[in-house]
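Okay, so here's the structure we're looking at.
The values are calculated or read from the model by the stated rules, or taken from the named source; none is laboratory data. The structure presented is a predicted model; accordingly, all values stated were derived computationally and were not measured. Neighbour counts are summed over all protein chains in view; Cβ atoms, including those assigned to glycine, are modelled from backbone coordinates with ideal geometry.
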Amino acid sequence: MDRDEVQCRFCLSALPAWQPVLRGSLDKISPISALPVVAVVFGGQEYRLTVQPTAEGLRRFGRQVEVITGQPFSDAMDVRFFCKSPTGQ
């Protein structure tokens, strides 16, 4: 372990371990609550879809879009993205 991880380079006082703090904050994040939600607007109606950040998640999203639009999911679709931060701002 590097000395800078356990001791302040200015006052030389001992620093608390940072790994448990980091792991503790990550443990509090639920995988379900971290999933992005994509709103698809088609025909004047809005559909909210959760998307898994995996190849299977992309395939599932594509199938859902096909059901909504009645068209094959492809790169040629006209897609516009609007992003909102997790805080809603």
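General observations
- Leading residue by the ranking (surrounded by the fewest Cβ atoms within 10 Å (Cβ to Cβ)) among those in the range 25-49 that are among the β-branched types (Val, Ile, Thr) and modelled with pLDDT of 55 or more: VAL37
- Just one residue in the set GLN7, GLN52 is surrounded by 10 or more Cβ atoms within 10 Å (Cβ to Cβ) and at pLDDT below 85; that residue is GLN52.
- Checked across the range 60-71, the condition of being surrounded by 10 or more Cβ atoms within 10 Å (Cβ to Cβ), part of a loop (DSSP other than H, G, I, E, B) and modelled with pLDDT of 75 or more holds for at least one residue.
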